[in-house]
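Report on one structure; see the data block that follows.
What follows is calculated from the coordinates using simple rules that are stated; it is not laboratory data. It should be emphasised that the depicted structure is a prediction, and the values quoted were computed from it without experimental measurement. Cβ atoms come from the backbone with ideal geometry, glycine included; neighbour counts cover every protein chain shown.
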Amino acid sequence: MTERPGHIVPLTTYLGVFASLMVLLIATIFAARVDLGWLNAVIMIAIAGVKALLVVLFFMHVKYGSRTTWVFAGAGLLWLMILMGLTLTDYFSRPWPM
Amino acid sequence: MVSSPGFRVSSFGFSGMNRGCNMESALPHNSEHETRNLKPETLSHDHAHQFDDAFQQHEAASLGMWMFLVTEIMFFGGALTAYVVYRFYFGRAFIQTGKELNVVLGGINTGVLLCSSLSMALAVNAAQLGRRKVLVGFLAITIVLGCAFLSIKGYEYAHKVHDRHLPTPAFSVGHFHYAGFAYDAPDPNPPRMFFTFYFVLTGIHALHMIVGVCLMLSLLRPAWRGKFTRGLSGANFIEMAGLYWHFVDIVWIFLFPILYLSHH
């Protein structure tokens, strides 16, 4: 018979991704308790980014999807970066008292 | 039937999918050029008639949903950018006010949402494998976890309303009890700004959660009746609902550290 249109992800993959997400959650909470100055924000965003990537690739099946799906998802990220990047370059180059 | 534009008709499939195994509809009944598309392996009851095959239908549904999610990404992205700007402008005030948020409750909420994402992924898996009752079970678990998230959020909000942290004219900094100290600058407007962002960001996220929970509730009955475990395209709608649910989870994955954990 025909193949299924949506790829069926194995259960172990789902459970592995879930375990990683929980570990990263605990990691981000403990990383916030240590004061590392500006490094805190970087670590926090990095961990959140990895978690989001895991959800997008595995739970949302982008890793198993077509290239077009990949482009659509990537486009969202790209335009978000443009939005944040250009807006922040504007505000952070203003002579504000910080 | 008239096929209207947009992904809803294609992936929802109620009107598009043939009910039962009626081979009569597999025969081309319109123009003769359709005979070229009639391959024996793509049975017409596996996909809505406006698509060539189930793959195309799944792809169309997926791209349509992703396009919607991209608009949502831009929406939350704009709100978060605004937060980042004010976080740097009112640095110290936001840091101090941020300590007022309950990290334990926020962390539990994040765990609850991650579990609900897992149960949603397993629901999609069940639909794809044609397991009707397992699908309903996982949908129910997702709904329960979503409601748990909303309850904890409601509890947090109730405390904040009680402590007059709503950014109304009655806003008061006197009651910062989780932070354990009174805010020491004379101007209450920066903390008020923090809470404005807190309520707008988490409030709109909660609105998305409510929509998600209602969506899952509306899928329970058709799922029980077997609409999503039938043929090759039955699981599409569950999968697209899953995409929405995972996206709402991702938004919270970013909101939690940004609002609750960035007080340094």
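General remarks:
- Yes/no for A:Val17 being more than 7 Å from chain B (Cβ to nearest Cβ) and surrounded by 14 or more Cβ atoms within 10 Å (Cβ to Cβ): yes
- Looking across region B:243-259, the residues that are more than 22 Å from B:Asp53 (Cβ to Cβ) and either facing another protein chain (nearest Cβ under 8 Å) or not aliphatic (A, V, I, L, M) (or both) come down to B:Tyr244, B:Trp245, B:His246, B:Phe247, B:Asp249, B:Ile250, B:Trp252, B:Ile253, B:Phe254, B:Phe256, B:Pro257, B:Ile258.
- Breaking point among (1) out of contact with any Gly (no Cβ under 8 Å at 6 or more places or on another chain); (2) of a type outside the set (Lys, Arg); (3) more than 30 Å from B:Ile95 (Cα to Cα), for B:Asn236: (1)
- Residues that are over 13 Å from B:Ala54 (Cα atoms) and in contact (Cβ under 8 Å) with a residue 24 or more places away in the chain, drawn from region B:223-236: B:Ala223, B:Trp224, B:Gly226, B:Lys227, B:Phe228, B:Thr229
- Index of the failed condition, A:Ala32 passing every other in (1) facing chain B (nearest Cβ under 7 Å); (2) more than 30 Å from B:Glu59 (Cβ to Cβ); (3) under 16 Å from the mean Cα position of the chain (by Cα): (3)
- Within region A:5-51, the set of residues being farther than 30 Å from B:Asn125 by Cα and in contact with a Gly (Cβ under 7 Å, 6 or more places away or on another chain) comprises just one member, A:Ile29.
- Boolean, A:Val17 is in contact (Cβ under 8 Å) with a residue 40 or more places away in the chain, closer than 25 Å to B:Leu259 by Cβ and not basic (Lys, Arg): yes
- Count of region A:37-79 residues which are in a helix (DSSP H, G or I) and either more than 18 Å from B:Tyr260 (Cβ to Cβ) or more than 8 Å from chain B (Cβ to nearest Cβ) (or both): 27
- Among (1) surrounded by fewer than 14 Cβ atoms within 10 Å (Cβ to Cβ); (2) more than 7 Å from chain B (Cβ to nearest Cβ); (3) in a helix (DSSP H, G or I) - the single one A:His7 does not satisfy: (3)
- The single condition among (1) within 14 Å of another protein chain (Cβ to nearest Cβ); (2) under 17 Å from B:Phe197 (Cα atoms) that B:Arg164 does not satisfy is (1).
- Filtered by the rule that a residue be within 27 Å of A:Thr87 (Cα to Cα), among the small types (Gly, Ala, Ser) and more than 8 Å from every other protein chain (Cβ to nearest Cβ), region B:60-117 gives B:Ala79, B:Ala82, B:Ala93, B:Gly98.
- All positions within region A:20-36 that are polar (S, T, N, Q) and within 18 Å of B:Tyr260 (Cβ to Cβ): A:Thr28
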